[in-house]
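The values are calculated or read from the model by the stated rules, or taken from the named source; none is laboratory data. Every value quoted in this text rests on a predicted model; they were computed, and no experiment measured them. FYI the Cβ positions are ideal-geometry reconstructions off the backbone, even for glycines, and counts take in every protein chain you see. Accessible surface areas use protein heavy atoms only, side chains included; no ligands, DNA or RNA. Shrake-Rupley method; radii C 1.70, N 1.55, O 1.52, S 1.80 Å.
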Amino acid sequence: MGFFGKIKVGLAKTRSQLADNISSVIKSFTKIDEELFEELEEILVLSDIGCVTAEQICSELRARIKKDGIKDPTVIRGLMKSIIAEMIEGDSNLKLNTKPSVILVIGVNGVGKTTSIGKIASLLKKDGKKVVLGAADTFRAAAIEQLEVWAQRADVSIVKGTEGSDPAAVVFDTIASAKAKGADVIICDTAGRLHNKKNLMDELAKINRIIDTQLPNADKEVLLVLDATTGQNAVNQAREFKNVADINGIVLTKLDGTARGGVVLAIKNELQIPVKFVGVGEGIDDLMPFSAEEFSSGIIETEEV
Ligand code: GDP
Ligand code: MG
């Protein structure tokens, strides 16, 4: 299955929520009036786009319809698609130009950090990069073992400590190993205990200090992983993490299991952090670089289009 096919399948639940409901609303109106806008806004809110963002989309829609003197409701779908695509447009490329460069992966437990690291490692490896993983989630032995399995699958190397060891020390060792091996990219896993904010903040600060002192000029991507199935809660997590870390991008996982894919819009629009990858399954190839155009088509266009 091609790239676009995969994202379409991954977005099937969101699409059936959003695109199909938009279709039936559009079909039930012969002219464009305020009631139509209200129904559309409600559909947007129900797919986790968020009230603020749904309202913005609808007011933009009103403005364009007025400006162009549009009378036909069937034109609405195409307009919405462009409005959404423009809204979520952003730089989704990873900036990894130095050798080595660093990707630090953060987020609460269970969102898909370790899995996404395996998938990103595989993408980079296929791109000809030499990758080293750092198992800095030392909180549980199982977390370290899980990253090891992903390192094997992606065929990249890994540096680990023992359970309970200092995460920053693991990052230090990973950097040393990457330098010795002449690696291109280091990807560090971290533990995600947001319930203890002070602890998390201190830990991230310590890891960042190690990276900044050991690799002062390296490109660094801090990626926040969010679980799309948690809907608006994912937006709240992003807000909390934004307060404690300089986040460069979002990895939004588990889109395949949810109708709440609209959360991408809320994250991008309300927090101004670009979504860089989307997860659409548990397999190694189930991570896609984010494309605003493909995403908006994937949630707005119906099957018959
Ligand atoms: P972590 O605690 O943040 O490191 O999360 P894990 O990487 O251990 O993932 C938690 C669970 O989510 C695992 O069962 C993964 O297989 C699953 N998972 C991660 N990403 C995706 C995805 O894109 N789609 C689906 N369906 N499951 C995913
Ligand atoms: Mg993990």
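Tabulated results
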| read-out | value |
| --- | --- |
| When residues of segment 42-57 are limited to those that are small (Gly, Ala, Ser) and closer than 16 Å to ALA19 by Cβ, the one surrounded by the fewest Cβ atoms within 10 Å (Cβ to Cβ) | ALA54 |
| Every residue from segment 17-35 that is buried (at least 20 other Cβ atoms within 10 Å of the Cβ) and within 25 Å of GLY69 (Cβ to Cβ) | ILE22 |
| Flag for ALA183 being modelled with pLDDT of 95 or more, within 15 Å of ligand 2 (Cβ to nearest atom), buried (at least 20 other Cβ atoms within 10 Å of the Cβ) and not β-branched (Val, Ile, Thr) | no |
| Residue, farthest from ARG260 (Cα to Cα), within segment 35-47, restricted to residues that are modelled with pLDDT of 90 or more and touching a helix residue (DSSP H, G or I) at 6+ places or on another chain (Cβ under 7 Å) | LEU36 |
| Options LYS8, LYS13: the member that is assigned to a helix (DSSP H, G or I), basic (Lys, Arg) and modelled with pLDDT under 90 | LYS8 |
| Of all residues making up segment 274-289, the number that are over 14 Å from the mean Cα position of the chain (by Cα) and either away from ligand 2 (no atom under 16 Å from the Cβ) or of a type in the set (S, T, N, Q) (or both) | 2 |
| First in segment 31-47 and within 10 Å of PRO73 (Cβ to Cβ), second anywhere and open to solvent by 40 Å² or more (accessible area, probe 1.4 Å), Cβ under 8 Å, 6 or more apart | LYS31/LYS71; ILE32/LYS71; ILE32/ASP72 |
| Filtered residues of segment 102-153 (kept if touching a residue at least 60 places away in the same chain (Cβ under 8 Å) and over 20 Å from the mean Cα position of the chain (by Cα)) | ALA136, ARG153 |
| Criterion: within 10 Å of the chain's Cα centre (by Cα) and of a type outside the set (Phe, Trp, Tyr) - qualifying residue of LEU265, LEU252, LEU271 | LEU252 |
| Wholly within segment 21-136, helices (runs of 4 or more DSSP H) carrying at least 3 residues that are under 25 Å from ALA169 (Cβ atoms) and either aromatic (Phe, Trp, Tyr) or within 16 Å of ligand 1 (Cβ to nearest atom) (or both) | 113-126 |
| Of all residues making up segment 137-168, the number that are within 15 Å of ligand 2 (Cβ to nearest atom), part of a loop (DSSP other than H, G, I, E, B) and among the charged types (D, E, K, R) | 3 |
| Residue check for ASN208: within 30 Å of LEU44 (Cα to Cα) and more than 16 Å from ligand 2 (Cβ to nearest atom) | no |
